[in-house]
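The block underneath contains the structure these notes are about, expressed in structure tokens.
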Amino acid sequence: MRMKLILPLITCALCFVTTLPSLLSEKSLNPHQEDLRVMSFNVRLGVANDGPNHWDKRKELVVQTIRNYSPDLLGLQEVWPMQEAYLREKFPGYAYYGRSRLSDAKEGEQCAVMYRKDRFELLGKRTFWLSETPNEPESKSWDSSLPRIANWTRLKDRRSNGKELVLVNVHFDHRGKESREQAAKLIHRRVAKLGTSARVVVTGDFNAGEGSPPYRALVGDCLVDTFRISKPTRTAEEGTFTAWKGKRDGNRIDWVLCSPNFRVLSAAIDHTEFDGRYPSDHYPVTATLRSKPNP
């Protein structure tokens, strides 16, 4: 009689031991459904005369680099219409929002965003110019060499009980120092108006390094630098401009910033290369974030 009782218990125990590894594996693969994977990637304009690094010769490398990280949110810089078409084709599971910095929304360089359709619902989108007249298409101010824009996308996160998220993607001027600083202040003012409870992610090519006036204007009370939080000790290999040669020194000019109500789980510079070939003249940068509990 006692054996009849013991045998079922042994069987149940064996079943639990057998299934435990798979349960642990599933948990490790998906540690938290709300975790947010963010990538910022300057893909280098496709009309540039880059010889062996021309868009047509590296576009598959760009796609593979994005797929390797599999972001939930992706901020793209220097996207031209044919690049947009290619990325839309290769990533049908993502929604795309891009707009040219010129008056004609379909001509010229975009500062675009992509986000997972199955995770996010679009609540609002807009483009504004990084100038003294932000609502005027193709406007530029200060010492900016070109019109520069920011894409402002408001999303509902289905994996986070419908919480809202604002994604801002930017590309600061490559020549104008005053333009970069004023653009940073403009972004900061707009983020600050959202209040401390807003969840905000800012991606971009800022053409400025850590500690520069644009960096100091943005990073502080409203936004934090995900890379520096993840890696507090600075090194000599934090540059994000590859020069097509795998260069790692120089300034970290591509950033993922976020509001302080996110916990930074990790952040990195993605040094992906394919037998000495690079997907772009910039390294993409990444961050994995998790919302902090409400106070």
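The values are calculated or read from the model by the stated rules, or taken from the named source; none is laboratory data. Since we're looking at a predicted model, the values are computed, not measured. Methodologically, a virtual Cβ is constructed for each residue, glycine included, from the backbone with ideal geometry; neighbour enumeration extends over all protein chains shown. Side chains are part of the model used for accessible areas, which takes the heavy atoms of the whole protein and leaves out ligands, DNA and RNA. Shrake-Rupley method; radii C 1.70, N 1.55, O 1.52, S 1.80 Å.
Sort out which residues of the stretch 133-155 are in contact (Cβ under 8 Å) with a residue 12 or more places away in the chain and charged (D, E, K, R), and write them in order of number.
Those that are in contact (Cβ under 8 Å) with a residue 12 or more places away in the chain and charged (D, E, K, R): GLU138, LYS140, ASP143, ARG148, ARG154.
So in the stretch 198-241, with the set limited to residues that are touching a residue at least 60 places away in the same chain (Cβ under 8 Å) and of a type in the set (Ser, Thr, Tyr), which one is nearest to GLN77 (Cα to Cα)?
THR203
From the list LEU23, LEU61, LEU5, pick out the single residue that is modelled with pLDDT of 95 or more and of a type in the set (A, V, I, L, M).
LEU61
Looking at the stretch 179-193, I want the residues that are under 22 Å from LEU146 (Cα atoms) and have a partner that is open to solvent by 50 Å² or more (accessible area, probe 1.4 Å) and among the aromatic types (Phe, Trp, Tyr) with Cβ atoms under 7 Å, at least 6 apart or on another chain. Which pairs are those?
Partner pairs satisfying both residue conditions: SER179/TRP142; GLN182/TRP142.
Only one of ASP157, ASP143, ASP118 is of a type in the set (D, E, K, R), more than 17 Å from GLU78 (Cα to Cα) and in contact with a Phe, Trp or Tyr (Cβ under 8 Å, 6 or more places away or on another chain). Can you tell me which?
ASP157
Consider the stretch 71-111. How many of its residues are open to solvent by 20 Å² or more (accessible area, probe 1.4 Å), of a type in the set (D, E, K, R) and assigned to a loop (DSSP other than H, G, I, E, B)?
Residues that pass the stated criteria total 5.
Which one of these is without any contact (Cβ under 8 Å) to a residue 40 or more places away in the chain and open to solvent by 20 Å² or more (accessible area, probe 1.4 Å): ARG158, ARG175, ARG116?
Selected residue: ARG175, the only one of ARG158, ARG175, ARG116 that is without any contact (Cβ under 8 Å) to a residue 40 or more places away in the chain and open to solvent by 20 Å² or more (accessible area, probe 1.4 Å).
Could you tell me which residue of the stretch 197-208 is surrounded by the fewest Cβ atoms within 10 Å (Cβ to Cβ), considering only residues that are of a type outside the set (Asp, Glu) and in contact with an Asp or Glu (Cβ under 9 Å, 6 or more places away or on another chain)?
Among those residues, the one meeting the criterion is ALA198.
Filter the stretch 118-150 down to the residues that are assigned to a strand (DSSP E or B), of a type outside the set (S, T, N, Q) and within 17 Å of VAL168 (Cβ to Cβ) and list them by number.
Residues satisfying the conditions are PHE120, LEU122, LEU123, GLY124, LYS125, ARG126, PHE128, TRP129, ILE149, ALA150.
Any chance you could count how many residues in the stretch 222-260 are of a type in the set (Asp, Glu), open to solvent by less than 50 Å² (accessible area, probe 1.4 Å) and out of contact with any His (no Cβ under 9 Å at 6 or more places or on another chain)?
Summing the residues that are of a type in the set (Asp, Glu), open to solvent by less than 50 Å² (accessible area, probe 1.4 Å) and out of contact with any His (no Cβ under 9 Å at 6 or more places or on another chain) in the stretch 222-260 gives 2.
Do we have VAL219 as closer than 20 Å to THR288 by Cβ and either open to solvent by less than 30 Å² (accessible area, probe 1.4 Å) or out of contact with any Pro (no Cβ under 9 Å at 6 or more places or on another chain) (or both) here?
Judged against the criteria, VAL219 is a match.
List the number of the failed condition for ASN68; all other conditions in (1) open to solvent by 10 Å² or more (accessible area, probe 1.4 Å); (2) in contact (Cβ under 8 Å) with a residue 60 or more places away in the chain; (3) more than 19 Å from THR286 (Cα to Cα) hold.
(3)
Only one of (1) of a type outside the set (Val, Ile, Thr); (2) surrounded by fewer than 23 Cβ atoms within 10 Å (Cβ to Cβ); (3) out of contact with any Leu (no Cβ under 8 Å at 6 or more places or on another chain) fails for PRO214. Which number is that?
If we test PRO214 against (1) of a type outside the set (Val, Ile, Thr); (2) surrounded by fewer than 23 Cβ atoms within 10 Å (Cβ to Cβ); (3) out of contact with any Leu (no Cβ under 8 Å at 6 or more places or on another chain), just (2) comes out false.
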